[in-house]
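Visitor: Just dropping this structure here.
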Protein chains: 2
Amino acid sequence: MESEGQGRAESSSSSERRPRVRRNVTAAIAQDICADRYPSGSPLPRENDLCELYGVSRTVIRESLKVLESKGLVRGKPRVGTTVCDRDEWNILDAEVLNWMGPYIKDFDLLGCILEARRTIEPAAAEYAAERASAQEIADLDKAWRQMRDSAGEPESFTDADLMFHTVLLTASHNQVFRRLSSAIHAALKYALHASNIAVENREDAVLVHGQLVEALRMRDKTGARECANRMLDLAVRDLAAAEKVIGRTR
Amino acid sequence: MESEGQGRAESSSSSERRPRVRRNVTAAIAQDICADRYPSGSPLPRENDLCELYGVSRTVIRESLKVLESKGLVRGKPRVGTTVCDRDEWNILDAEVLNWMGPYIKDFDLLGCILEARRTIEPAAAEYAAERASAQEIADLDKAWRQMRDSAGEPESFTDADLMFHTVLLTASHNQVFRRLSSAIHAALKYALHASNIAVENREDAVLVHGQLVEALRMRDKTGARECANRMLDLAVRDLAAAEKVIGRTR
DNA sequence: CCGCGATGAAGATCACCAAACTCACCACCT
DNA sequence: AGGTGGTGAGTTTGGTGATCTTCATCGCGG
């Protein structure tokens with residue numbers, strides 16, 4: 001109607017083509033939920049209000065809510081409204097959810113759980129990878145490792161390489177469950193590693209162990225791979241603890 | 001033959017009396033995809049055609065497609081069409097997806113992967129459960145175990161109890177990732193156990209090991225719990241192999 | 001061979017209708 | 001007279017269909 005605000009003709013001209021209005025709206029609502037703007041257990045505004053709040057039509061809002069519902073973030077009951085689900089009903093194994101939560105993960109509890117899971121899963125994945133990884137995958141791991149080695153002093157690059165390393169490792173396990181888990185954990189890892197890299201300055205030991213793991217995979221040494229993964233995770237535990245201390249002190 | 005298959009009506013919540021047309025449509029499309037009616041990599045019919053195929057309006061179709069897209073089953077490109085994603089892009093860690101796939105899991109590869117993952121995860125979860133399980137959770141496990149013990153000859157009841165047992169076990173680990181995984185694996189397990197219970201007649205050993213696990217948890221015996229879980233999974237491996245042989249012969 | 005427009009399909013909005021849940025009000029019973 | 005219970009209006013989500021916009025694609029013509 002009158003107030004528009006819905007960039008109709010001008011906004012689509014040159015700057016950003018946005019065929020994805022809905023995607024942004026979904027993310028926006030999700031992030032508002034993650035940021036506790038809409039606290040757990042309480043109702044969301046009415047759909048019509050959400051339309052105005054986010055400046056889109058009700059159809060878009062509804063599609064977004066359906067997606068959010070399918071990921072367990074909210075539960076829409078027929079004529080009573082949409083309420084935010086409790087955090088442990090969220091599908092935290094979904095990459096998108098984790099991405100939305102990422103910046104707002106305040107409790108180290110979740111990061112701890114993920115680390116615990118990694119501690120369980122990655123050694124096994126490394127072992128499977130030792131017998132199943134393709135040459136290409138080993139090469140990718142090696143490439144990621146070299147990037148880690150060469151990017152001392154560049155936390156950005158280091159984190160990227162680290163992420164790549166773990167993603168490829170899980171993929172190389174050739175287990176569909178682990179593979180999927182990797183894409184989910186990727187998101188959480190991004191923030192955990194970021195925190196770690198802030199807190200920990202000395203990454204040489206991590207580089208060393210990662211390199212040994214690649215070597216073990218190359219040798220198809222299952223037990224060696226498992227041990228390397230274990231040592232890698234020992235370091236991760238240490239780093240998370242350090243990060244927790246730093247972050248905890250900061251706030 | 002062609003339609004329905006919808007009969008398995010949500011074992012989850014009790015008063016599930018939501019009219020929910022869209023939910024059914026989403027499931028219908030998803031199951032058609034899982035049944036390879038729309039093969040991987042090929043385009044879905046146009047949205048307007050889907051409207052007629054499933055007898056609903058375009059809005060409902062679109063909401064369904066958005067949900068499906070958010071779970072990685074399909075990928076909608078702006079003005080090109082919606083295509084079915086490759087199977088390994090599907091979010092198989094999503095309970096709904098697994099439920100849709102369930103009846104159509106034809107490759108024992110996925111079941112094998114899940115079993116592999118369980119072999120990795122459940123012993124660790126058992127160990128964590130040994131130190132963290134609440135009295136209530138142990139009681140629930142005990143209850144599930146007794147139901148297993150007492151339902152010899154009733155595969156239905158036995159499977160239910162078995163499912164309950166593993167779900168509670170994962171929950172009792174008090175690790176959010178495992179917990180979430182449990183609700184996902186639950187769906188797959190349902191079909192795997194069903195197959196196993198058909199193929200294997202003697203469940204006494206399974207009952208025995210499950211009982212020992214409960215006992216270990218009660219004693220807070222971490223290594224004992226881990227060992228029991230390992231033995232449990234040895235049986236599961238055996239059972240899946242047996243099931244594979246039987247099913248493989250059947251078709 | 002290149003560009004230009006026609007075509008077509010998805011993205012997005014709007015205006016409805018339908019169903020059912022809420023709540024307040026009012027009548028009826030104790 | 002006061003509490004209980006039914007009823008009806010209003011509200012809110014579920015669902016439909018028409019309409020407009022925006023581009024990707026393809027074929028035609030310069």
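The values are calculated or read from the model by the stated rules, or taken from the named source; none is laboratory data. Owing to the predicted nature of the structure, the values given are computational and were not obtained by experimental measurement. When we count neighbours, we look across all protein chains shown, and the Cβ atoms used for this are built from the backbone with ideal geometry, even at glycine. Note: areas computed on protein heavy atoms with side chains; ligands, DNA, RNA excluded. Shrake-Rupley method; radii C 1.70, N 1.55, O 1.52, S 1.80 Å.
Visitor: With respect to B:ARG46, is the statement that it is more than 12 Å from chain A (Cβ to nearest Cβ), surrounded by fewer than 16 Cβ atoms within 10 Å (Cβ to Cβ) and not hydroxyl-bearing (Ser, Thr, Tyr) true?
Guide: Spelling it out, B:ARG46 is indeed more than 12 Å from chain A (Cβ to nearest Cβ), surrounded by fewer than 16 Cβ atoms within 10 Å (Cβ to Cβ) and not hydroxyl-bearing (Ser, Thr, Tyr).
Visitor: Another question about this same structure. Of all residues in the range B:30-48, how many are within 14 Å of B:THR82 (Cα to Cα), more than 13 Å from DNA strand D (Cβ to nearest atom) and free of Cβ contacts under 8 Å to residues at least 24 places away in the same chain?
Guide: 1
Visitor: Related question: Could you run through the range B:100-111 and say how many residues are open to solvent by 50 Å² or more (accessible area, probe 1.4 Å) and within 11 Å of another protein chain (Cβ to nearest Cβ)?
Guide: 2
Visitor: Quick one: which residue in A:GLN31, A:GLN136 is open to solvent by 40 Å² or more (accessible area, probe 1.4 Å), within 16 Å of the chain's Cα centre (by Cα) and more than 14 Å from chain B (Cβ to nearest Cβ)?
Guide: A:GLN31
Visitor: Which members of the range A:50-89 meet the condition of being among the β-branched types (Val, Ile, Thr), within 30 Å of B:THR171 (Cα to Cα) and touching a Ser or Thr at 6+ places or on another chain (Cβ under 7 Å)?
Guide: A:VAL67, A:VAL74, A:THR83, A:VAL84
Visitor: Go through (1) open to solvent by less than 30 Å² (accessible area, probe 1.4 Å); (2) over 21 Å from the mean Cα position of the chain (by Cα); (3) within 16 Å of DNA strand C (Cβ to nearest atom) one by one and return the number of the condition A:TYR54 breaks.
Guide: (1)
Visitor: Moving on. I'd like the residue in the range B:74-99 that is touching a residue at least 24 places away in the same chain (Cβ under 8 Å), open to solvent by 20 Å² or more (accessible area, probe 1.4 Å) and in a helix (DSSP H, G or I) and, out of all such residues, is farthest from the other protein chains (Cβ to nearest Cβ).
Guide: Per the stated criteria, the residue is B:ASN99.
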